[in-house]
Structure formats: C-alpha cells, structure tokens
Amino acid sequence: MDYGAAIRERRLSSVWRTDGFGRLIAQLEAYLPASDIPSIQQAYEFAAKAHEGQQRRDGDPYISHPVAVAEILAGLHLDAGSIKAALLHDVIEDTPSTLAQIETLFGDDVALLVDGVSKIDHLHFDSVAEAQAESFRKMLLAMAKDLRVILVKLADRTHNMRTIQALSPRSEEHTSELQSLAYLVCRLLLEKK
C-alpha cells in the first residue's frame with residue numbers, strides 16, 4: 001500500500017470539503033470529458049501547495065478564491081484550460097512559482113492564459129480615469145488574443161465583489177472600475193451571439 005498517497009488523498013479530501021473543490025469537480029464531471037479531470041486536479045494540487053499557509057482577509061484558506069473563480073467558469077461550461085488557468089491565476093503573482101513552471105506542467109495554452117490574466121493588473125496610473133481607460137484598452141487587447149483571459153479575469157473580479165467586505169479599500173476601488181468594464185464585455189459577448 002502506498003501510505004504517502006493515502007495520506008495525501010486524505011489531506012486533499014479534507015481540504016476539498018472546505019474550499020469547494022469537490023463541488024467544482026462535480027460541476028466539471030457533468031460536462032467535461034473524464035480525461036480532462038486529472039489535469040485539473042493537478043492544477044488544483046499545484047495551486048493549493050503554492051498558496052499553502054496563505055489566507056484571504058476573511059480568514060479562509062487562499063485556495064478557496066481560485067476554486068471559487070473556477071466554479072464561476074464551470075457554471076459557464078468553459079474548457080479545461082480555462083478552469084486550470086482560474087485555479088492558477090494568482091500563483092505567479094502571490095507565490096514563488098514561475099510562469100515557466102506553469103508552462104512546463106500545464107502547457108503553453110494555460111501559461112498564456114495565466115500570464116494574460118496577471119498582466120491586466122500590472123500597470124499603475126496617476127488617476128482613476130486613466131486607469132479605467134487603460135484597463136479597458138488592455139482588456140480589449142487581451143480579448144483579441146484570447147477571450148478566455150477576460151473571462152477568467154471577470155470571474156476573478158466577480159468573486160472579489162461577492163467577498164468585497166474582506167477586501168482592502170484599494171481593492172474595492174479596482175473592483176468598482178472593473179464592474180463597469182464587466183458590463184461592457186458582457187454586452188460585447190451578447191452582441192456576438
């Protein structure tokens with residue numbers, strides 16, 4: 001018997017009960033091929049290990065946020081690459097993990113999505129109006145490359161809005177900027193149908 005695997009399984013199972021990963025897997029199994037699930041579990045395990053010991057401001061384990069973002073995207077029936085990117089979206093910004101590691105473990109597609117999501121937040125501006133204009137420009141450019149970058153970012157901000165009471169005032173400002181952008185992007189998506 002592989003005791004290490006049994007212990008890891010028990011530890012992950014207990015985490016799954018608290019962070020919603022089990023619920024996410026149930027959602028994904030309803031529409032994704034079974035062959036996609038193991039790589040999503042691998043992305044979860046990588047992110048959980050990278051974020052180990054980190055907490056959100058409300059005291060929840062940090063991994064609960066990427067899982068919630070992935071759940072939002074699963075509700076839209078997005079592909080496995082988008083789900084993996086959602087699980088990994090904060091890893092390169094908030095942990096010692098690198099984009100090269102993500103590319104090696106999960107492929108170019110997921111690495112490009114994670115990189116695109118993190119680049120949306122990298123520029124800083126002198127005024128709110130300048131930031132809003134630049135954020136919108138960056139979102140449009142990202143959409144031109146891969147719409148999934150925007151969908152992951154919007155799911156990220158949606159979860160942040162749902163838990164806004166735990167965010168810092170600066171995060172609240174940034175979230176309100178993206179609320180208006182989310183509306184515009186949703187309008188664009190609806191008009192494409």
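The values are calculated or read from the model by the stated rules, or taken from the named source; none is laboratory data. Note that the coordinates shown come from a computational prediction; the quantities given were computed from them, not determined experimentally. Cβ placement follows ideal geometry from the backbone for every residue including glycine, while neighbour counts extend to all protein chains displayed. Surface accessibility is based on the protein's heavy atoms, side chains included, excluding ligands, DNA and RNA. Shrake-Rupley method; radii C 1.70, N 1.55, O 1.52, S 1.80 Å.
The set of residues from region 17-51 being small (Gly, Ala, Ser) and either out of contact with any Lys or Arg (no Cβ under 8 Å at 6 or more places or on another chain) or open to solvent by 40 Å² or more (accessible area, probe 1.4 Å) (or both) comprises GLY20, GLY22, ALA26, ALA30, ALA34, SER35, ALA47, ALA48, ALA50.
The residues of region 87-122 that are of a type outside the set (Gly, Ala, Ser), open to solvent by less than 20 Å² (accessible area, probe 1.4 Å) and part of a helix (DSSP H, G or I), listed by number, are LEU87, LEU88, VAL91, ILE102, VAL110, LEU113, VAL114, VAL117, ILE120.
Output the residue which, of all residues in region 52-70 that are out of contact with any strand residue (DSSP E or B) (no Cβ under 7 Å at 6 or more places or on another chain) and within 10 Å of ASP19 (Cβ to Cβ), is surrounded by the most Cβ atoms within 10 Å (Cβ to Cβ). Steps first, answer last, please.
Of region 52-70, the ones out of contact with any strand residue (DSSP E or B) (no Cβ under 7 Å at 6 or more places or on another chain) are 52-54, 56-60, 63-70.
Among the residues that remain, those that are also within 10 Å of ASP19 (Cβ to Cβ) are: 60, 63-68.
On the way: ASP60: 15, ILE63: 26, SER64: 20, HIS65: 24, PRO66: 28, VAL67: 25, ALA68: 22.
Ranking the qualifying residues of region 52-70, first place goes to PRO66.
Does at least one position in region 56-64 carry a residue that is part of a helix (DSSP H, G or I) and at pLDDT below 95? Scanning region 56-64 turns up at least one residue that is part of a helix (DSSP H, G or I) and at pLDDT below 95.
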